[in-house]
Each structure stands twice: as structure tokens, then as C-alpha cells.
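The structure under discussion appears below in the form of C-alpha cells.
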Amino acid sequence: MKMKSRRIGCFFVMLLSFLCLVGCGESSEKDEVTITETPIIEEAPDVEEIPVAQETLDAEETDENMVWIPTKGGKKYHSSETCSNMSNPREVTLSEAEENGFTACKHCH
């Protein structure tokens with residue numbers, strides 16, 4: 001009885017091996033190979049310097065605090081551009097914001 005079960009086991013092992021070999025063999029279809037050329041990267045031309053607005057330089061020279069003000073309504077200035085879900089805020093100096101009637105936001109100041 002042992003001999004018969006061994007033969008059956010060996011038969012299944014050989015059958016599985018054969019099926020794996022047949023299934024893993026080369027297919028009759030050929031793979032297409034596409035050859036592409038590598039683009040040649042040219043050196044970038046010299047870039048002109050963009051002048052910085054004078055008001056930005058003035059703020060940096062005086063080390064004055066910068067704040068964010070809303071461009072569409074509202075009279076509070078903010079330390080973060082994302083405070084109060086402002087839409088398209090503008091960065092200005094603290095003194096400029098106060099001169100234009102803005103007061104500090106109670107959430108971020």
C-alpha cells in the first residue's frame with residue numbers, strides 16, 4: 001500500500017513539474033523593443049536678474065515685522081497667511097497695516 005501511494009505522489013510531483021515547465025517556456029510571440037534617443041540638454045542661457053520692489057527692500061533694511069492682510073474685506077492683520085481662511089492675502093509691514101486701519105487678529109497675535 002505504501003508503494004502505491006508513493007507512486008501516486010511521485011506521479012503528481014512529476015506532473016506538476018512538467019506543467020510548470022510547459023507554462024514557463026518561451027512564448028511564440030516576440031516582445032517588441034523600442035529604442036529611443038536620449039535628448040541632448042543644452043546649456044541654459046544667462047538669466048537676467050529681476051529687480052526687487054523697493055518696498056520689499058525697505059522692510060528688510062528696517063527689520064520690521066511683516067504681517068498678512070486680507071485683500072477682500074476684513075480689517076485684521078495676521079501673522080500667518082492661512083489664518084481665518086483668507087483668500088489671496090497680501091504681505092505688508094506691520095506699520096503699513098496699522099496705517100491702513102488694520103488691527104491684530106486675536107487668534108494668531
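The values are calculated or read from the model by the stated rules, or taken from the named source; none is laboratory data. Quantities reported herein were computed from a predicted structural model and do not represent experimental measurements.
Computed quantities for the displayed model
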| quantity | calculated |
| --- | --- |
| Counted residues, region 68-84 - those being at pLDDT 90 or above and of a type in the set (Lys, Arg) | 2 |
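Matching residues to (1) under 30 Å from the mean Cα position of the chain (by Cα); (2) modelled with pLDDT under 90:
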site: Val47; (1), (2): yes, yes
site: Thr56; (1), (2): yes, yes
site: Met66; (1), (2): yes, no
site: Gly101; (1), (2): no, no
